[in-house]
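The structure under discussion appears below in the form of structure tokens.
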Amino acid sequence: MTESRNYRLVHGGGDEAEIPHILIVGGGYLGMYTARRLEKKLGAGEARITVIDPNSYMTYQPFLPETAAGSISPRNVVVPLRKVFDRVRVLSGRVVRIDSAENTIRYEPNVGEPQTMAYDHLVMAAGAVSRTLPIPGLAEWGIGIKTVEEAAYLRNHVLNQLAIADSTEDKDVRAKALNFVFVGGGFAGAEAIAELEDMVRDAVRVHPSIEQSEVDFYLIEAADKILPEVGPEVGAKALNQLRRRDIDVRLSTFLESAVDQHIKLSDGTEFDAGTLVWTAGVKPSPVVSASDLPLGPKGHVDTTEYLTVNGTDNVFAGGDNAQVPDGKGGYYPPNAQNAVRQAPVLADNVIATLRGTDLKAYKHDNLGAVAGLGVHKGAAQLFGKIKLNGRLAWYAHRAYHLLAVPTFNRKLRVLSDWTLALFLKRDFAALPEMAEPRQAFEAASRPQVEDGRLRRVS
């Protein structure tokens, strides 16, 4: 067990033991931008800054549906954390316990022994994970789309299902492979099913034995509408867009079972499906509950309007793992739009606490919402008044997210992917073995029997 004040982290200026330590849990949008602003505005000897995250990169999650559809390369939706910092220490590992009473955290490196690390100021930016339900078969067969790895896997998986169907005459196998089920009609679910349906519609053309009429996409939503973030009018038009594309949208319907990839819905429908994508909500990162911090009714860190955690004077929180009061008796939605705008306020309030100056309240008026529903298709509500559908909404979606994706390097790479797509056809190469890259090598290394004798494959 080691103490963070004892390991060397040289940022210049003075005795390290006397320099306040700012610890940021999570390297997502909020964590990364908070660290960047702190680094920019604090003097070299004013504080030590550490970011802890299991990954060495930040993922721009709004681009994951397009990554799953192959419109954007997976590498271009992530930003290497060590590349964007000059004076911030990045540790790859997982925080498993927070003790705010002792100003310590328990940290498990990706490789190595667990450590106890002390801090002077803590920023909770751990984000969220998929919120699942105890539905039989879901854990075994469901695929999420919260990470770039899941998005890349989903693309390979869907294309592999087409290859399976194209390579057999068995009607049951073909039907199962060509049934694609998405659960959850919010942003993640609607965008994912729209992007992947677009990709499959194109891919069918290079699979001679498959007719488009054999392919079935299902969107299962427990509520009576989809895309509530864009408002009822735009959401209804988006629903019509999907249905015109023969996507079977089931509203007020639940997934009851997925045992052995046999789908059972609450409306009585049953069928086999080789693909089950779960996008039905998120919950705060597990580290939030593994702490002594005050939590709200849904498990989020309970904060003040200053992004400080209630009952503490040195812990701050925002983004998906926090409930931030909106001054109207409710809370700001824990979404990317708020995380982006909370980062500078949170960083400035940490600095104000260090310097003994006044804190600033977080206030933000919703700018609207944009959703991409495949190439040249989308839904958007801007500034509460402007409502767009189709191609105009798609342009608004791409323009907004191109501005929002971090770093000029990534903006240019994403723009390059989009520009190339104007002139080149989609790439339908499926690499399902990427999920288990050593499979071929292991198979080649196994002893094999020939003429009653063991031999190894050369």
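The values are calculated or read from the model by the stated rules, or taken from the named source; none is laboratory data. Everything numeric in this text was worked out from a predicted model, so none of it was measured. Counting neighbours? That spans all protein chains shown, and the Cβs are built from the backbone with ideal geometry, glycine included. Protein only, heavy atoms only, side chains kept; ligands, DNA and RNA dropped before computing areas. Shrake-Rupley method; radii C 1.70, N 1.55, O 1.52, S 1.80 Å.
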### Task
Quick one: which residues, 5 or more positions from residue 335 or on another chain, have an amide H under 5 Å from its amide H? H modelled 1.01 Å from N in the peptide plane, none for Pro or chain starts.
none
### Task
Show the residues, 5+ positions off or on another chain, whose built amide H is closer than 5 Å to the amide H of residue 24.
50, 51, 52, 123
### Task
Taking a cut-off of 12 Å between Cα atoms, list the aspartates and glutamates near residue 40, but don't count ones fewer than 8 places away on the same chain.
86, 348
#### Entry: Quotient of C-alpha Rg and 2.2 N^0.38 Å, computed over the chain
1.07
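Tally Lys and Arg at +1 and Asp and Glu at -1 over the other residues with C-beta under 13 Å from the C-beta of residue 416: what net charge comes out?
Values: positive: 75, 410, 411, 413; negative: 417.
My count for the surroundings of residue 416 gives +3.
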### Set of lysines near residue 41 by C-alpha distance (under 22 Å), chain-local residues within fewer than 8 positions excluded
83, 360, 363
### Query
Taking H as built 1.01 Å from N, whose amide H comes closer than 5 Å to the amide H of residue 128, not counting residues under 5 places away?
285
### Query
So which of 328/377; 176/387; 176/298; 328/387 end up more than 31 Å apart, counting from Cα to Cα?
328/377; 176/387; 176/298
### Task
Along Cα→Cβ, 7 Å out, is where each label goes; now give me the distance between the ones at residue 382 and residue 224 in nm to one decimal.
3.2 nm
### Query
For the chain, with every protein chain kept in place, what is the accessible area per residue (1.4 Å probe, Å²)?
48 Å²
### Task
Give the Rg/Rh ratio for the stretch 129-270, taking Rg as the radius of gyration of the Cα atoms and Rh as the Kirkwood radius, to two decimals.
0.95
### Message
What does the C-alpha gyration tensor say about the overall shape of the stretch 227-354? Classify as rounded when a/c is under 1.5, otherwise prolate if a/b is larger than b/c, or oblate.
### Response
prolate
### Task
Please say if the stretch 208-271 is rounded, prolate or oblate, where rounded means a/c under 1.5 for a ≥ b ≥ c the square roots of the C-alpha gyration tensor eigenvalues, and otherwise the choice is prolate for a/b larger than b/c and oblate otherwise?
oblate
#### Entry: Summed side-chain charge close to residue 285 - residues other than residue 285 whose Cβ falls under 10 Å, Lys, Arg +1, Asp, Glu -1
+1
### Query
Taking the highest mean first, how do the peptides 254-264, 19-29 order by number of other beta carbon atoms within 10 angstrom per residue?
19-29, 254-264
### Task
Under 12 Å from the Cβ of residue 171, count the other residues' Cβ atoms, weight Lys and Arg +1, Asp and Glu -1, and hand me the total.
-3
### Message
How far apart, in nanometres, would the label points at residue 111 and residue 431 be if each is projected 7 angstrom from Cα along the Cα-to-Cβ direction?
### Response
2.2 nm
### Task
Please state, as a whole number in µm²/s, the translational diffusion coefficient that the Stokes-Einstein equation yields for the stretch 285-355 at 20 °C and 1.002 mPa s, with Rh defined as the Kirkwood radius across alpha carbon pairs.
174 µm²/s
### Simple Cβ-charge dipole of the stretch 304-421, Lys/Arg +1 and Asp/Glu -1, about Cα centre, in debye nearest 20
640 debye
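Gain in length, residue 335 to residue 212, computed as 0.36 nm per residue apart minus the alpha-carbon separation, to one decimal in nm?
Between residue 335 and residue 212, full extension yields 40.7 nm more.
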#### Entry: the stretch 232-303 shape via C-alpha gyration tensor axes, a/c threshold 1.5
oblate
